[in-house]
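Visitor: If you scroll down you'll find the structure; I have some questions about it.
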Amino acid sequence: MISYLVKFTFFLIKPLLKLLEPEWSHKLTLNFLKTSHKVFKFDFSKKYEIEDINLFDLKFNNRLGISAGMDKNAEYIDCIGSLGFGFLELGTVTPKAQPGNPKPRVFRDYKNNAIINRLGFNNKGIDYAINNIVKSNYDGVIGLNIGKNLSTTIEKASEDYVYCLKKAHKFVNYITVNISSPNTSNLRKLQSKTFLNDFIKEILNNNHELNKENKKKLPIFVKISPDETLNSLELLLNTLVTNKVSGVIISNTTIYRFSELPIKFSKETGGLSGKPLFEHSNLCLKNASNILNNEMPIIAVGGVENKKTFQTKIELGASLVQVYSGLVFNGPKVISSILK
C-alpha cells in the first residue's frame, strides 16, 4: 500500500517538479522521500527477490544500483536504500567543500528524458559525507565516488584522491575514482597516457597499505568517459588491467550532442545524461567488454530507464548496472519495472 502511495504522490507532484529549477526539483524530491521514509518506515527492498550477487567478497542483493550524483553528500542513504537498490554509490566528494560552477548549471529536456549538467563537483566535503555514512542504518553495499578540488592542479590531483581514500577506507565498501567528468577543467587529462599510469599507481599503492592497516580489501573502480576513441579506450583499459584496478564504470556523461535534442538545450555546456546517452554509452561498453575479455568487472550506467535497457547493459558485459536519469524522469516505478 505504501509503495503505491509513494508512486502515486510522485505522479501527482511530477508536473510541479517540471516547473521548478532542476536543482530545486532534485532537492525537493529527495527531501520528500526522506520525510516519507521517516514517517512510514517503508522498505521496498523486501518486495524483490534477493539474487546474492558476489563480487570482491561483497554481497549485492541485486544488480541494480544508484549512480553517483543522486546523493552527493550522503544525506539520503536510508531513504534511497529503502527503494530496493542492490547498492548505492554516493558522491562525488572532494577533500574540501566547494560550491561548484555558477548557476544555472542543470538543464532538463523532459521530451527526450535528457539532462545536461555542469555542476562541477559541488559538495560539502569528504568529512561531511563520511559522518553521514557512519550515522546511516543502510546495510547494503555503499560505494563512494571521489574527485579533486577545482583549485588542485592536475599534476597534484592524486593527492586529493588519496586524501579522500584515506578518509573513507574504513567506512565504505568500494571507491570509485572519477577522472571523467567533463565539468572540472582538465580532469579528463587524467585518463591520458601522460598521467594515468603514475596517477592510478599512487592511489593503488596507498590503498594497499590501507588494506593492511584496516584488515580489509577495498575494491577500487575507475569511472571513464564514453567519448574516448577506440585506441585511447584500449590504452586506458590496458593500463588499468596492468595496475590491477578492481573494475571500471562505463560511463560518465558525454560532451556530445545528438540530433534529436532541442537546439536551445543542446547549446548548454556540460555533460549529457539520460535516454540520448544510451546508445553512445553502449558502444563504449561493448568495446570495453571486448577489450577486457572478462579481466575485470564492469558497472554500466547511461540511459537505463526500464527492464529492456537494463538487460541490454547486462548482455553487453556489465556485472552491475546503475540508474540516475531514469529515476529522475520516471520516479520509483523504474526500480520495480527492472527488479520485478
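Visitor: Using 1/(1 + (r/R0)^6) with R0 = 30 angstrom and r between the beta carbons of residue 32 and residue 128, what's the FRET efficiency to the nearest 0.05?
Guide: That pair, residue 32 with residue 128, gives E of 0.85.
Visitor: Tell me, in nm to one decimal, what length is gained between residue 307 and residue 217 on full extension, where the rule is 0.36 nm per residue of separation less the Cα-Cα distance? Could you put the intermediate results ahead of the total?
Guide: Numbers: separation 90, 0.36 × 90 = 32.40 nm, distance 3.25 nm.
Additional length available on full extension: 29.2 nm.
Visitor: Please work out the Cα center distance from the range 162-239 to the range 103-146, rounded to the nearest Å.
Guide: 18
Visitor: Separate question: Give the Rg (one decimal place) followed by the Dmax (whole number) of the range 235-340, computed from C-alpha coordinates and expressed in Å.
Guide: Spelled out, the Cα radius of gyration and Dmax of the range 235-340 are 14.7, 43 Å.
Visitor: What share of the DSSP beta bridges in the range 55-209 is antiparallel, in percent to the nearest 5?
Guide: Beta bridges within the range 55-209, antiparallel portion: roughly 35 percent.
Visitor: Could you calculate the contour length gain from residue 52 to residue 201, that is, 0.36 nm times the residue separation minus the distance between their Cα atoms, to one decimal place in nm?
Guide: Details: separation 149, 0.36 × 149 = 53.64 nm, distance 3.16 nm.
Stretched out fully, the residue 52 to residue 201 stretch lengthens by 50.5 nm.
Visitor: Still on this structure, please answer the following. What fraction of the DSSP beta bridges in the chain is antiparallel, stated in percent and rounded to the nearest 5?
Guide: Among the beta bridges of the chain, antiparallel pairing accounts for roughly 30 percent.
Visitor: Expressed as a whole number of Å, what is the distance separating the alpha-carbon centroids of the range 312-340 and the range 60-99?
Guide: Value for the Cα centre distance between the two parts: 15 Å.
Visitor: Shifting gears a bit: Please go through the range 137-246 and write out the trypsin sites (Lys or Arg not before Pro) that DSSP classes as loop and that have at most 10 other C-beta atoms within 10 Å.
Guide: Loop-located and lightly packed - 193, 215.
Visitor: According to a simple spin-label model (label point 7 Å from Cα along Cα-to-Cβ), what is the distance in nm between residue 97 and residue 269?
Guide: Output for this residue pair reads 2.7 nm.
Visitor: Using a cut-off of 9 Å between beta-carbons, work out the net charge of the residues near residue 81 (Lys and Arg +1, Asp and Glu -1, residue 81 not included). Before the final figure, lay out the partial values.
Guide: Numbers: positive: none; negative: 43, 78, 139.
My count for the surroundings of residue 81 gives -3.
Visitor: While we're here: For the range 240-340, which GluC sites (Glu not before Pro) are both in a DSSP coil and crowded by at most 15 other Cβ atoms within 10 Å?
Guide: Within the range 240-340, the qualifying GluC sites (Glu not before Pro) (loop, at most 15 other Cβ atoms within 10 Å) are 260, 295.
Visitor: Once phi is turned into θ = phi - 60°, what whole-Hz ³J(HN,Hα) does the Karplus curve with 6.51, -1.76 and 1.60 give for every residue of the range 111-123, x standing for Gly and Pro?
Guide: My calculation for the range 111-123 gives 5, 10, 6, 10, 10, 10, 10, 10, 4, x, 6, 5, 6 Hz in order.
Visitor: Strictly over 21 Å apart at the Cα level, which of 264/286; 135/167; 166/244; 96/166; 27/333 would you flag in this model? List each step's numbers first, then the result.
Guide: Details: 264/286 31 Å; 135/167 15 Å; 166/244 19 Å; 96/166 14 Å; 27/333 19 Å.
Cα-Cα > 21 Å for 264/286; rest within.
Visitor: Report the net charge of residues surrounding residue 51, where surrounding means a beta-carbon distance below 11 angstrom and charges are Lys +1, Arg +1, Asp -1, Glu -1.
Guide: Net charge around residue 51: 0.
Visitor: Work out the FRET efficiency for residue 337 and residue 155 from their Cβ-Cβ distance, taking R0 = 51 Å, and round it to the nearest 0.05. Show your work: numbers first, answer last.
Guide: On the way: r = 46 Å, r/R0 = 0.89.
About 0.65, to the nearest 0.05.
Visitor: Here is a further query. What does the net charge come to around residue 288 if you take all other residues with beta carbon closer than 10 Å to its beta carbon, with K and R at +1 and D and E at -1? List each step's numbers first, then the result.
Guide: Values: positive: 286; negative: 228, 234.
Result for the neighbourhood of residue 288: -1.
Visitor: Still on this structure, I have one more. When the Debye formula is applied to the Cα atoms of the range 20-160, each taken as the same point scatterer, what base-10 log of I(q)/I(0) results at q = 0.21, 0.22 Å⁻¹?
Guide: Each listed q corresponds, in turn, to -1.35, -1.38.
Visitor: Just to verify a number: FRET efficiency for residue 256 and residue 185, C-beta to C-beta distance, R0 = 30 Å, to 0.05?
Guide: So, using R0 = 30 Å, E works out to roughly 0.95.
Visitor: For the range 48-339, take the alpha-carbon Rg, divide it by the Kirkwood Rh, and send me Rg/Rh.
Guide: Values: Rg = 17.5 Å, Rh = 18.9 Å.
When Rh is taken as the Kirkwood radius, the ratio is 0.93.
Visitor: Also, quick follow-up: If I take every Cα pair under 8 Å that is 6 or more residues apart in the chain, average their sequence separation and divide by the length, what percent do I get for the relative contact order?
Guide: The normalised contact order for the chain reaches 16 percent.
Every number in this text was worked out from the coordinates using simple rules, so none of it is lab data. Computed from a predicted model, the values in this text were never measured in an experiment. Please note: Cβ atoms are built from the backbone with ideal geometry, for glycine as well, and neighbour counts cover all protein chains shown.
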